[in-house]
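Student: Once you've had a glance at the structure underneath, I'll fire off some questions.
Bear in mind these aren't lab numbers, they're just calculated from the coordinates by the rules spelled out. The shown structure was predicted, so the numbers you read here are calculated from the model rather than taken from an experiment. Note that we place each Cβ from the backbone using ideal geometry, even for glycine, and neighbour counts take in every protein chain shown.
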Amino acid sequence: MVALHDIGSLCLIIVAIWAIFDPKRILDIHPNYFLKIAVSIILLMGLLVAWLSYLGIYATVAEDIQWLKTLVILILVISIVKLLIIILLYFFAAKIRDKYLVNQLTQKYEGDDGTNVYSKALNGFMIMFQCCGILGSGDFKDAERFKEKQPHDSWPQACCTRAKSPEPEEILDVKLCQQGKFGYINNLGCSKKMGYFFEWYTWTLVGCCLGMLAAEQHGPVIVMCLCVMYTHHLKILMDVQVKFNGRLDISEEVKIELKVVNESQ
């Protein structure tokens, strides 16, 4: 349990520090304060998980019931927060990503003959996966550079359906494609097309996250068992003390523990 928490906390702290000192490598999603809030939460979670690991070691060695109970409560709270984060990322990460990619398309895409890396890569994706834009052909309405290079086209020719044989690179009909005729244009966006392709990997990643979360739940169970065993041990000592009316030679440390238990009851 301690090893899992140490690894998880180290990963969270590294990601947070990376985002703080090199934010340009992280996707710049507007408004910018969302990124700062996310980094702060990740850093706080990493430090808290690291602190919990050492708290668990101290509470176990010291056999402190109150600290063990506090550890159980904190682990359960963090587990619930992690579960909520996984659910939110699964349902909202795709929307945030698509919005970012559409903004990149409108700013950088130059058309079928674009010379920049982004235009060449997007054209290659659209031809390879038989898709159009990020969410669909409507993404090119606000693409300023594309409109400058191809003012008479509603979307690039890379969105047009191509013949399977005898020449795979040949477009069926450019005019019908620009008119949006069914069968001559690939209406499905590349995000959805690739989403279908990577769906199995997405579910695998979600399953791994849930598996790690389930593995961490062994910690509270073990801690509760330690609490029960330690409490039972103290009760036995109390019974022995009452039975023999204090005639046994009990150490000062045990007497202090018995006094604490009596006061708590």
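Student: Using the Cβ atoms and a cut-off under 10 Å, what net charge is assigned to the surroundings of Gly111, where Lys and Arg are +1 and Asp and Glu are -1?
Tutor: Details: positive: Arg145, Lys147, Lys149; negative: Glu110, Asp112, Asp113, Glu148, Asp153.
Neighbour charge sum, excluding Gly111 itself: -2.
Student: Right, another one. Evaluate the distance, in nm, between pseudo-label points positioned 7 Å from the Cα of Arg97 and of Glu148 along their respective Cα→Cβ axes.
Tutor: Placing both labels 7 Å along Cα→Cβ, they lie 3.0 nm apart.
Student: Can you put Met45, Met194 in order, fewest other beta carbons within 10 Å first?
Tutor: Working: Met45 19, Met194 14.
Exposure proxy ranking, most exposed first: Met194, Met45.
Student: Here is a further query. Gain in length, Ser79 to Thr204, computed as 0.36 nm per residue apart minus the alpha-carbon separation, to one decimal in nm?
Tutor: Working: separation 125, 0.36 × 125 = 45.00 nm, distance 1.97 nm.
Separation in residues times 0.36 nm, less the Cα-Cα distance, equals 43.0 nm.
Student: 5 Å is the cut-off here: which amide hydrogens, built 1.01 Å from N in the peptide plane, fall below it relative to Ile185, excluding neighbours closer than 5 in sequence?
Tutor: The list, which skips near neighbours in sequence, is Thr161.
Student: Farthest toward the dipole's positive end in the range 91-184, which of Phe125, Pro151, Gly136, given Cβ charges of +1 (Lys, Arg) and -1 (Asp, Glu) about the Cα centre?
Tutor: Farthest towards the positive pole: Gly136.
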